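First the structure, in the form of C-alpha coordinates, and then the observations on it.
The values are calculated or read from the model by the stated rules, or taken from the named source; none is laboratory data. Values in this document were obtained by computation on a predicted structure and should not be read as measured data. Heads up, the Cβs are rebuilt from the backbone with ideal geometry, glycines too, and the neighbour counts pull from every protein chain shown. Protein only, heavy atoms only, side chains kept; ligands, DNA and RNA dropped before computing areas. Shrake-Rupley method; radii C 1.70, N 1.55, O 1.52, S 1.80 Å.
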Amino acid sequence: MAEEVKDPSQQTSEAEESMKNAAEAAADVATETEAAAAEADKTAELQQKIEALEKELADEKEKYLRLDAEYYNYRTRSLKEKQDAYDNALTKAVTEVLSVIDNFERALTAECADANFKKGVEMIFRQYTAILEKLGVKEIEAEGKPFDPNFHNAVSQITDENLGENTVAAVLQKGYIMGNKVIRHAMVTVANP
(Lines give C-alpha, C1' and ligand atoms only; values in the text may rest on other atoms or scores of the structure.)
Protein backbone atom coordinates (compact mmCIF):
# COMPACT_ATOMS: atom_id res chain seq x y z
CA MET A 1 0.00 0.00 0.00
CA ALA A 2 1.04 3.30 -0.74
CA GLU A 3 1.47 5.87 1.88
CA GLU A 4 -0.82 8.70 1.78
CA VAL A 5 0.82 11.96 1.30
CA LYS A 6 -0.46 14.61 3.56
CA ASP A 7 -1.09 18.11 2.73
CA PRO A 8 1.70 20.41 4.05
CA SER A 9 -0.83 22.70 5.70
CA GLN A 10 -2.31 19.74 7.45
CA GLN A 11 1.18 18.68 8.51
CA THR A 12 1.87 22.17 9.87
CA SER A 13 -1.32 22.27 11.83
CA GLU A 14 -0.63 18.80 13.28
CA ALA A 15 2.88 19.92 14.16
CA GLU A 16 1.53 23.08 15.75
CA GLU A 17 -1.01 21.08 17.69
CA SER A 18 1.63 18.58 18.74
CA MET A 19 3.85 21.44 19.89
CA LYS A 20 0.95 23.05 21.66
CA ASN A 21 0.20 19.74 23.45
CA ALA A 22 3.87 19.37 24.32
CA ALA A 23 3.96 22.95 25.63
CA GLU A 24 0.84 22.31 27.70
CA ALA A 25 2.33 19.07 29.02
CA ALA A 26 5.57 20.90 29.83
CA ALA A 27 3.58 23.66 31.54
CA ASP A 28 1.63 21.02 33.51
CA VAL A 29 4.89 19.32 34.51
CA ALA A 30 6.40 22.69 35.48
CA THR A 31 3.29 23.56 37.47
CA GLU A 32 3.39 20.16 39.18
CA THR A 33 7.12 20.58 39.85
CA GLU A 34 6.53 24.06 41.27
CA ALA A 35 3.69 22.72 43.39
CA ALA A 36 5.86 19.85 44.61
CA ALA A 37 8.71 22.27 45.37
CA ALA A 38 6.30 24.61 47.17
CA GLU A 39 4.91 21.65 49.10
CA ALA A 40 8.45 20.55 50.02
CA ASP A 41 9.29 24.10 51.12
CA LYS A 42 6.10 24.25 53.15
CA THR A 43 6.86 20.84 54.72
CA ALA A 44 10.41 21.96 55.58
CA GLU A 45 9.06 25.20 57.05
CA LEU A 46 6.47 23.29 59.11
CA GLN A 47 9.15 20.84 60.26
CA GLN A 48 11.29 23.78 61.40
CA LYS A 49 8.31 25.25 63.25
CA ILE A 50 7.63 21.88 64.91
CA GLU A 51 11.27 21.59 65.98
CA ALA A 52 11.23 25.17 67.32
CA LEU A 53 8.00 24.50 69.25
CA GLU A 54 9.36 21.22 70.63
CA LYS A 55 12.51 23.03 71.80
CA GLU A 56 10.40 25.81 73.34
CA LEU A 57 8.21 23.19 75.07
CA ALA A 58 11.29 21.40 76.41
CA ASP A 59 12.68 24.74 77.70
CA GLU A 60 9.37 25.61 79.37
CA LYS A 61 9.15 22.12 80.88
CA GLU A 62 12.69 22.51 82.24
CA LYS A 63 11.77 25.91 83.71
CA TYR A 64 8.66 24.40 85.29
CA LEU A 65 10.60 21.51 86.81
CA ARG A 66 13.21 23.89 88.21
CA LEU A 67 10.52 26.19 89.60
CA ASP A 68 8.73 23.22 91.16
CA ALA A 69 11.98 22.01 92.74
CA GLU A 70 12.74 25.51 94.05
CA TYR A 71 9.25 25.77 95.54
CA TYR A 72 9.60 22.35 97.18
CA ASN A 73 12.97 23.39 98.65
CA TYR A 74 11.48 26.69 99.82
CA ARG A 75 8.56 24.91 101.50
CA THR A 76 10.85 22.40 103.16
CA ARG A 77 13.28 25.10 104.29
CA SER A 78 10.54 27.38 105.65
CA LEU A 79 8.91 24.49 107.54
CA LYS A 80 12.29 23.59 109.04
CA GLU A 81 12.96 27.23 109.96
CA LYS A 82 9.52 27.49 111.52
CA GLN A 83 10.07 24.30 113.53
CA ASP A 84 13.56 25.46 114.58
CA ALA A 85 12.17 28.83 115.71
CA TYR A 86 9.46 27.06 117.72
CA ASP A 87 11.97 24.64 119.25
CA ASN A 88 14.38 27.46 120.13
CA ALA A 89 11.62 29.53 121.73
CA LEU A 90 10.39 26.51 123.69
CA THR A 91 13.93 25.67 124.80
CA LYS A 92 14.52 29.23 125.96
CA ALA A 93 11.23 29.29 127.89
CA VAL A 94 11.92 25.92 129.51
CA THR A 95 15.45 27.02 130.43
CA GLU A 96 13.99 30.00 132.29
CA VAL A 97 11.51 27.78 134.12
CA LEU A 98 14.25 25.33 135.18
CA SER A 99 15.80 27.87 137.56
CA VAL A 100 12.39 28.27 139.22
CA ILE A 101 12.11 24.48 139.58
CA ASP A 102 15.61 24.37 141.09
CA ASN A 103 14.50 26.93 143.69
CA PHE A 104 11.36 24.92 144.48
CA GLU A 105 13.51 21.80 145.00
CA ARG A 106 15.73 23.74 147.41
CA ALA A 107 12.63 25.04 149.21
CA LEU A 108 11.31 21.51 149.59
CA THR A 109 14.53 20.33 151.26
CA ALA A 110 14.53 23.28 153.72
CA GLU A 111 12.93 22.98 157.12
CA CYS A 112 9.54 24.63 157.42
CA ALA A 113 7.39 25.05 160.52
CA ASP A 114 4.14 25.48 158.57
CA ALA A 115 3.07 22.13 157.07
CA ASN A 116 0.36 23.72 154.92
CA PHE A 117 2.90 26.11 153.40
CA LYS A 118 5.22 23.23 152.58
CA LYS A 119 2.30 21.28 151.09
CA GLY A 120 1.43 24.28 148.87
CA VAL A 121 5.05 24.51 147.67
CA GLU A 122 4.98 20.78 146.85
CA MET A 123 1.77 21.22 144.84
CA ILE A 124 3.24 24.08 142.82
CA PHE A 125 6.42 22.05 142.26
CA ARG A 126 4.37 19.08 140.96
CA GLN A 127 2.45 21.41 138.61
CA TYR A 128 5.72 22.70 137.16
CA THR A 129 7.09 19.19 136.69
CA ALA A 130 3.80 18.11 135.06
CA ILE A 131 4.10 21.02 132.62
CA LEU A 132 7.64 19.94 131.75
CA GLU A 133 6.45 16.38 131.14
CA LYS A 134 3.71 17.64 128.79
CA LEU A 135 6.37 19.54 126.85
CA GLY A 136 8.49 16.41 126.55
CA VAL A 137 11.19 17.57 128.96
CA LYS A 138 12.83 14.79 130.94
CA GLU A 139 15.43 14.75 133.67
CA ILE A 140 18.83 13.34 132.67
CA GLU A 141 19.57 10.32 134.83
CA ALA A 142 23.07 10.85 136.16
CA GLU A 143 23.88 9.55 139.64
CA GLY A 144 25.60 6.17 139.55
CA LYS A 145 25.78 6.24 135.73
CA PRO A 146 28.97 6.40 133.64
CA PHE A 147 30.10 9.96 132.95
CA ASP A 148 28.99 11.11 129.47
CA PRO A 149 30.18 14.58 128.37
CA ASN A 150 27.19 14.81 126.01
CA PHE A 151 24.85 14.92 129.02
CA HIS A 152 27.03 15.73 132.04
CA ASN A 153 29.19 18.67 133.00
CA ALA A 154 31.89 17.60 135.48
CA VAL A 155 32.61 20.34 138.02
CA SER A 156 34.60 18.29 140.53
CA GLN A 157 36.34 14.96 140.99
CA ILE A 158 36.60 12.58 143.91
CA THR A 159 38.26 9.27 144.63
CA ASP A 160 35.83 6.65 145.90
CA GLU A 161 36.62 2.94 146.04
CA ASN A 162 32.93 2.06 146.18
CA LEU A 163 32.28 3.57 142.72
CA GLY A 164 33.65 2.50 139.35
CA GLU A 165 35.92 4.47 137.07
CA ASN A 166 34.39 7.63 135.53
CA THR A 167 31.14 7.18 137.43
CA VAL A 168 28.92 10.08 138.46
CA ALA A 169 29.17 10.26 142.25
CA ALA A 170 26.79 13.17 142.90
CA VAL A 171 24.49 15.49 140.99
CA LEU A 172 24.94 19.14 141.95
CA GLN A 173 22.36 20.47 139.49
CA LYS A 174 19.90 18.35 137.50
CA GLY A 175 20.16 18.24 133.74
CA TYR A 176 17.23 18.12 131.34
CA ILE A 177 16.65 16.83 127.84
CA MET A 178 13.81 17.56 125.42
CA GLY A 179 13.53 15.03 122.62
CA ASN A 180 17.11 14.52 121.48
CA LYS A 181 18.24 18.00 122.49
CA VAL A 182 20.00 18.68 125.79
CA ILE A 183 18.45 21.76 127.37
CA ARG A 184 20.80 21.85 130.35
CA HIS A 185 23.70 19.55 131.15
CA ALA A 186 23.71 17.95 134.58
CA MET A 187 26.44 19.41 136.81
CA VAL A 188 28.07 16.43 138.46
CA THR A 189 30.93 15.21 140.59
CA VAL A 190 32.87 12.39 138.89
CA ALA A 191 34.44 9.57 140.87
CA ASN A 192 37.77 8.00 139.91
CA PRO A 193 38.44 9.85 136.65
- Message: Just to check your reading of the model, which residue among Glu62, Glu96 is at pLDDT 90 or above, exposed (fewer than 10 other Cβ atoms within 10 Å of the Cβ) and out of contact with any Phe, Trp or Tyr (no Cβ under 6 Å at 6 or more places or on another chain)?
- Response: Glu96
- Message: Quick check on the range 173-182. Is at least one of its residues surrounded by 15 or more Cβ atoms within 10 Å (Cβ to Cβ), of a type outside the set (A, V, I, L, M) and part of a helix (DSSP H, G or I)?
- Response: no
- Give me the pairs, please: first residue somewhere in the range 121-143 and closer than 27 Å to Ala154 by Cα, second residue anywhere and of a type in the set (Ser, Thr, Tyr), beta-carbon distance under 7 Å, and either six or more positions apart or on two chains. Val137/Tyr176; Lys138/Tyr176; Glu139/Tyr176; Ile140/Tyr176
- Condition test on Phe151, is it of a type in the set (Phe, Trp, Tyr) and in contact with a helix residue (DSSP H, G or I) (Cβ under 8 Å, 6 or more places away or on another chain)? no
- Search result, residues across the range 150-169 that are over 23 Å from Asp87 (Cα atoms) and in a loop (DSSP other than H, G, I, E, B): Thr159, Asp160, Glu161, Asn162, Leu163, Gly164, Glu165, Asn166
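Looking only at residues that are hydrophobic (A, V, I, L, M, F, W, C) and more than 21 Å from Glu133 (Cα to Cα) in the range 58-104, which one is farthest from the chain's Cα centre (by Cα)?
Checked the range 58-104; the qualifying residue farthest from the chain's Cα centre (by Cα) is Ala58.
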- Task: Check Val190 against each of (1) within 37 Å of the chain's Cα centre (by Cα); (2) surrounded by 17 or more Cβ atoms within 10 Å (Cβ to Cβ); (3) more than 21 Å from Ser99 (Cβ to Cβ) and name the one condition it does not meet.
- Result: (1)
- Of those in the range 114-154 that are farther than 14 Å from Tyr176 by Cβ and β-branched (Val, Ile, Thr), the residue least open to solvent (accessible area, probe 1.4 Å) is Val121
